[in-house]
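Working notes for the structure below.
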Amino acid sequence: MNILYIGGRDGTAIQRRDALIRLGHEVTQVDPQPYVPAGKLSGKFHRETGGLLCQSAVAKGVLAEIHRLNSNPKFDAAWIDGGRNIGPGLIQSLKGFCTKVINYNHDDPFGKRDRYFWALYRKSVPYYDVVGVVRPINVDEAKAKGAKAVVLVKMAGDEFAHRPREITQADIEKWSSDVLFIGTWMPERGPFLSELVDQGIALTIYGDRWQKAPEWPKLEPFWKGKGIPNPDDYAKALQCSKVALGLLSKGNRDMHTTRSTEIPSVGALLCAERTQEHEDMYEEGVEAVFWSDAKECAEKCRWLLANEDLRAAIAAKGHIKAIANQTFNEPSMKRILERAFAH
């Protein structure tokens, strides 16, 4: 297919673009972010109004870029990744030269935490030919907002970005850790990691915004830097850890995350909150380790740190299961595309 990909040029968005290319599609990308208001005050205003007041500027910029790339554009599909700044007007314009307009959103645009942030997105839902979501609860919520068709997929890792790397001695010296967490600060994460510190767990933390945590004075000695955007470094950091934590986002109503696949996919040991979705993905104590609170997590970490052979066995079996689960970009995107063209 000839696909117009409207999404960011970094993070997991770029991984999904590359997955479409690996699937054999011809992909043209347009990033809407340059047409969103920049600056601290305008950015804050934009977030609080959910993109409603900048949708015309984004539409104008995106369409101009498309026509700059191709004076007579014609695509089998437009894939809108995320779509918080994409309004109904732009979607209708895209339908003039795209057979199908698809949305995929692995955030939680229908939840309470970011309800203002996703105001424009929710208005746009009825205009898509198909909407891909990653939480069972989002299926009925999307339908309630007028979605024509909804596809449920899991939050995906990436076949290429999250493959094991060859680890050198220099990598071990740079990235070695006992209990690793890579992720952005969220209000519930500060108390959790703080309690692990109180329990004597040797943490290593990478991620943004941790300075905002009320627990920052306690956590600062364990913070080693911002997030790790480079896929090679990200994989190596996980591989060089003895235990890798998979924390959920409570505000996003997560029962699993991309980390649930990324960690075992690179060959690291997943230590995550016990949920039904995690239990469906991995056999507890065999392919991954689960816990219900910080106290149990600390107990599990101490148990794992004292048993090198056990850690290696769980990580190896978890890696095999992650590959078997196929919760990766390529099958997820293929399924959404097939649904869009099923009728």
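Residues in region 285-308 that are surrounded by fewer than 19 Cβ atoms within 10 Å (Cβ to Cβ) and under 19 Å from PRO164 (Cβ atoms): how many?
Step one: filter region 285-308 for residues surrounded by fewer than 19 Cβ atoms within 10 Å (Cβ to Cβ), giving 285-286, 291-296, 299-300, 302-303, 305-308.
Of the ones still in play, those that are also under 19 Å from PRO164 (Cβ atoms) are 308.
Residues in region 285-308 being surrounded by fewer than 19 Cβ atoms within 10 Å (Cβ to Cβ) and under 19 Å from PRO164 (Cβ atoms): 1 in total.
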Point to revise | Any hit, region 122-130, residues being closer than 18 Å to ARG17 by Cβ, of a type in the set (Gly, Ala, Ser) and in contact (Cβ under 8 Å) with a residue 12 or more places away in the chain | key: no
Check your understanding: Among the residues of region 321-343, which ones are out of contact with any strand residue (DSSP E or B) (no Cβ under 7 Å at 6 or more places or on another chain), more than 16 Å from ALA156 (Cα to Cα) and open to solvent by 70 Å² or more (accessible area, probe 1.4 Å)?
Key -> GLU338, HIS343
Check your understanding: Mind checking which pairs have a first residue in region 88-116 that is farther than 23 Å from LEU248 by Cα and open to solvent by less than 50 Å² (accessible area, probe 1.4 Å) and a second that is polar (S, T, N, Q) and in a loop (DSSP other than H, G, I, E, B), Cβ under 7 Å, 6 or more apart or different chains?
Key -> none
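Select from region 91-117 the residues that are of a type in the set (A, V, I, L, M, F, W, C) and touching a Phe, Trp or Tyr at 6+ places or on another chain (Cβ under 9 Å) and list them in ascending order. Spell out how you get there, then give the answer.
Here is the first cut: in region 91-117, the ones of a type in the set (A, V, I, L, M, F, W, C) are 91, 94, 97-98, 101-102, 110, 117.
Those that are of a type in the set (A, V, I, L, M, F, W, C) and touching a Phe, Trp or Tyr at 6+ places or on another chain (Cβ under 9 Å): ILE91, LEU94, PHE97, CYS98, VAL101, ILE102, PHE110.
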Study note, to complete from the structure: When every residue in region 132-153 that is out of contact with any helix residue (DSSP H, G or I) (no Cβ under 7 Å at 6 or more places or on another chain) and in contact (Cβ under 8 Å) with a residue 24 or more places away in the chain is compared, the one farthest from ILE228 (Cα to Cα) is GLU141
**Study point:** Selection from region 249-276 of residues that are within 17 Å of PHE192 (Cα to Cα), of a type in the set (Gly, Ala, Ser) and modelled with pLDDT of 95 or more
**Key:** ALA272
Revision key, fill the gap. Counting only residues that are under 13 Å from the mean Cα position of the chain (by Cα) and either assigned to a loop (DSSP other than H, G, I, E, B) or not small (Gly, Ala, Ser) (or both), region 144-160 contains a total of 5
Check your understanding: Restricting to region 74-113, what's the tally of residues that are outside any helix (DSSP H, G or I), modelled with pLDDT of 95 or more and over 23 Å from LYS334 (Cα atoms)?
Key -> 2
Check your understanding: Can you spot a residue in region 121-132 that is surrounded by 15 or more Cβ atoms within 10 Å (Cβ to Cβ), hydroxyl-bearing (Ser, Thr, Tyr), part of a helix (DSSP H, G or I) and under 20 Å from the mean Cα position of the chain (by Cα)?
Key -> yes
Review point. Has region 264-284 got any residue that is free of Cβ contacts under 8 Å to residues at least 24 places away in the same chain, surrounded by fewer than 20 Cβ atoms within 10 Å (Cβ to Cβ), assigned to a loop (DSSP other than H, G, I, E, B) and in contact with a Ser or Thr (Cβ under 7 Å, 6 or more places away or on another chain)?
Key: yes
Practice item. Report whether or not ASP232 is closer than 22 Å to SER265 by Cα, surrounded by 14 or more Cβ atoms within 10 Å (Cβ to Cβ) and among the acidic types (Asp, Glu). Key: no
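Which ones in region 197-229 are open to solvent by 70 Å² or more (accessible area, probe 1.4 Å) and polar (S, T, N, Q)?
Of region 197-229, the ones open to solvent by 70 Å² or more (accessible area, probe 1.4 Å) are 198, 209, 211-212, 214, 217-218, 220-221, 224, 226, 229.
Selection gives GLN211 alone.
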Point to revise | Count of region 277-330 residues which are aromatic (Phe, Trp, Tyr) and over 20 Å from LEU196 (Cβ atoms) | key: 2
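Of LYS174, LYS145, which residue is open to solvent by 70 Å² or more (accessible area, probe 1.4 Å) and over 29 Å from TRP210 (Cβ atoms)? If you could, list the steps in order and put the result at the bottom.
Working: LYS174 fails: over 29 Å from TRP210 (Cβ atoms).
Unique residue meeting the criteria: LYS145.
The values are calculated or read from the model by the stated rules, or taken from the named source; none is laboratory data. Only a predicted model underlies this, so the values are computations on that prediction, with no experimental measurement involved. With ideal geometry, Cβ positions are generated from the backbone for all residues, glycine too; neighbour counts draw on all protein chains shown. Areas reflect the complete protein model, heavy atoms only, side chains present, ligands, DNA and RNA absent. Shrake-Rupley method; radii C 1.70, N 1.55, O 1.52, S 1.80 Å.
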